[in-house]
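Bear in mind that the values in this text are calculations on the coordinates, not laboratory data. Since this is a predicted model, take the numbers as computed values, not measurements. Note that we place each Cβ from the backbone using ideal geometry, even for glycine, and neighbour counts take in every protein chain shown.
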């Protein structure tokens, strides 16, 4: 079985697949144009967030049997179309959960204590001690929109820090870390709101003007899920008006952004989609990718 690894993947993962008798080629910087000509020779594509697997590429690959996305989201793959062609599509939903949850919790602290701005003033040789009275996150209500693997990992940490956790997830019947509530109740009750759900047709811009109007004044928002779930134009206005006291964003509707005005606001902390970018998570992702591909080859 021929495997093409299209994005950077742990060396141990690649060697493990080769040791299992698979032919594995790596093209970590392959362009979409090159992929259209190269991919038809392969049975398996291993991708991360950089490489998109859309219908034209799927149609160009008559031998393709398996697509593995190293990571959680599948929005970069035309999943239903691939499956309609008999192609199996897999991901690694557990491997990076802890890393994304830890980034989320780190962002909560940064927002509560204005750590980014405080550090910035120190680098400018300013001692503005009285400007940075913050809040404790203990005792505050954290509303989680989506409580899959990452949402639960975040909730577990938040509860340990003394936060009250409420959650909205129409696909979950029981939640051990707090109370399941309606989206409207979550928006009205939360001091902090954190998103942990995939981007789909249903969730695109699901947090818009109507939803912001229902939030507490001074709410803080974290998005380490997917860009495009929050309407960024509405978020910008809410941050300008003070309706939203602060936002921490690891993901954006367009990556990298071409409009940087949201990121440049003083009450926004941002990072370039690094939720899963830890050594530990990358190792787990690679190991799970290898396990999936080897098991598939042995069927």
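Over the range 224-299, the alpha carbon radius of gyration divided by the compact-protein estimate 2.2 N^0.38 Å works out to 1.54.
Taking every DSSP beta bridge that has both ends in the chain, the antiparallel portion is near 0%. At 4 °C and 1.567 mPa s, what whole-number value in µm²/s does Stokes-Einstein give for the translational diffusion of the range 1-152, with Rh from the Kirkwood sum over Cα pairs? Rounded, D is 69 µm²/s. On full extension, the segment bounded by residue 122 and residue 201 gains 24.1 nm, given 0.36 nm per residue less the C-alpha separation. Considering only Cα atoms, the convex hull volume of the range 68-156 works out to 128 Å³ per residue. For the pair residue 131 and residue 50, the difference between a 0.36 nm per residue extended length and the Cα-Cα distance amounts to 25.1 nm. Once the Kirkwood radius over Cα pairs is known for the chain, the Stokes-Einstein relation at 20 °C and 1.002 mPa s delivers a diffusion coefficient of 104 µm²/s. What the Cβ-Cβ distance of residue 179 and residue 291 gives, at R0 = 41 Å and to the nearest 0.05, is a FRET efficiency of 0.70. Size descriptors for the range 126-173 (Cα atoms only): Rg and Dmax, in that order, 14.9, 51 Å. With the convex hull of its Cα atoms as the shape, the range 84-230 has an orientation-averaged projected area of 11.3 nm². With a simple spin-label model that places each label point 7 Å from the Cα along the Cα-to-Cβ direction, the separation between residue 34 and residue 85 comes to 2.1 nm. Our summary gives the chain a relative contact order of 17 percent, counting only alpha carbon pairs under 8 angstrom and 6 or more residues apart. Going 7 Å from the Cα of residue 19 along its beta-carbon direction, which residues of the range 71-112 have the amide nitrogen within less than 17 Å of the resulting point? Inside the label zone: nothing. If the label point is 7 Å along Cα→Cβ of residue 217, which residues in the range 178-204 have backbone nitrogen under 19 Å from it? Residues 187-193 qualify, since their backbone N sits under 19 Å from the label point. Listed by Cβ neighbour count within 10 Å, with the fewest neighbours leading, 260, 127 appear as 127, 260. Projecting label points 7 angstrom from Cα along Cα→Cβ for residue 41 and residue 299 puts them 2.5 nm apart.
Helix 97-113 and the long axis of the chain differ in direction by around 20°, with both axes built from C-alpha atoms.
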